[in-house]
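*Asks:* Sharing a structure with you now.
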Amino acid sequence: MPQPAKRPLDQSTIEVKVKSQDGRQLYFRINRSTPLQRLLVAYCQRINLDYKTMQFVYNGNRVTAKQTPEQLGMEDGEEIDALTHQMGGGCRAF
């Protein structure tokens, strides 16, 4: 039986994996010149989280909504870590 033809990848788009702290992974295809806010908001909507409570990290650096994959030098298959932003804590009064 012949294999189905794979759709050729457009060089202007990449697939990006967003991985949460609990190991959930979602995959997105995005244009290299599209601001990452579109992808980050879509991620939060899919897992029912508030975008404003999240931080996103790529290669150890925080990702801002206006940055594009192209600006970050992202390649196909790269991973963004999704972290829940925590307010306060860490200090203890004596």
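The values are calculated or read from the model by the stated rules, or taken from the named source; none is laboratory data. All values derive from a computational prediction rather than experimental measurement. Quick reminder, even Gly has a Cβ in these numbers, built from the backbone with ideal geometry, and neighbours come from all protein chains shown. Calculation scope for accessible area: heavy atoms of the full protein, side chains included, ligands and nucleic acids excluded. Shrake-Rupley method; radii C 1.70, N 1.55, O 1.52, S 1.80 Å.
The rows are residues; the columns are (1) surrounded by 16 or more Cβ atoms within 10 Å (Cβ to Cβ); (2) assigned to a strand (DSSP E or B).
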residue: L40; (1), (2): yes, no
residue: Y43; (1), (2): yes, no
residue: A65; (1), (2): no, no
residue: Q71; (1), (2): no, no
residue: D81; (1), (2): yes, yes
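*Asks:* All but one of (1) touching a strand residue (DSSP E or B) at 6+ places or on another chain (Cβ under 9 Å); (2) open to solvent by 70 Å² or more (accessible area, probe 1.4 Å) hold for I30; which doesn't?
*Replies:* Going through (1) touching a strand residue (DSSP E or B) at 6+ places or on another chain (Cβ under 9 Å); (2) open to solvent by 70 Å² or more (accessible area, probe 1.4 Å) one by one, I30 breaks only (2).
*Asks:* When you look at A93, is it at pLDDT below 95 and either farther than 19 Å from Q21 by Cα or not in a loop (DSSP other than H, G, I, E, B) (or both), yes or no?
*Replies:* yes
*Asks:* Sticking with this structure for a sec: What's the total number of residues in the range 15-38 that are over 9 Å from the mean Cα position of the chain (by Cα) and assigned to a loop (DSSP other than H, G, I, E, B)?
*Replies:* 8
*Asks:* Let me ask another. Filter the range 45-60 down to the residues that are outside any loop (DSSP other than H, G, I, E, B) and either open to solvent by 70 Å² or more (accessible area, probe 1.4 Å) or of a type in the set (F, W, Y) (or both), then identify the one that is farthest from E78 (Cα to Cα).
*Replies:* The initial filter retains those residues of the range 45-60 that are outside any loop (DSSP other than H, G, I, E, B), namely 45-46, 51-58.
Okay, now just the ones that are also either open to solvent by 70 Å² or more (accessible area, probe 1.4 Å) or of a type in the set (F, W, Y) (or both), so 45-46, 51-52, 56, 58.
Working: Q45: 21, R46: 19, Y51: 21, K52: 23, F56: 13, Y58: 9 Å.
Of everything passing the filter in the range 45-60, K52 is farthest from E78 (Cα to Cα).
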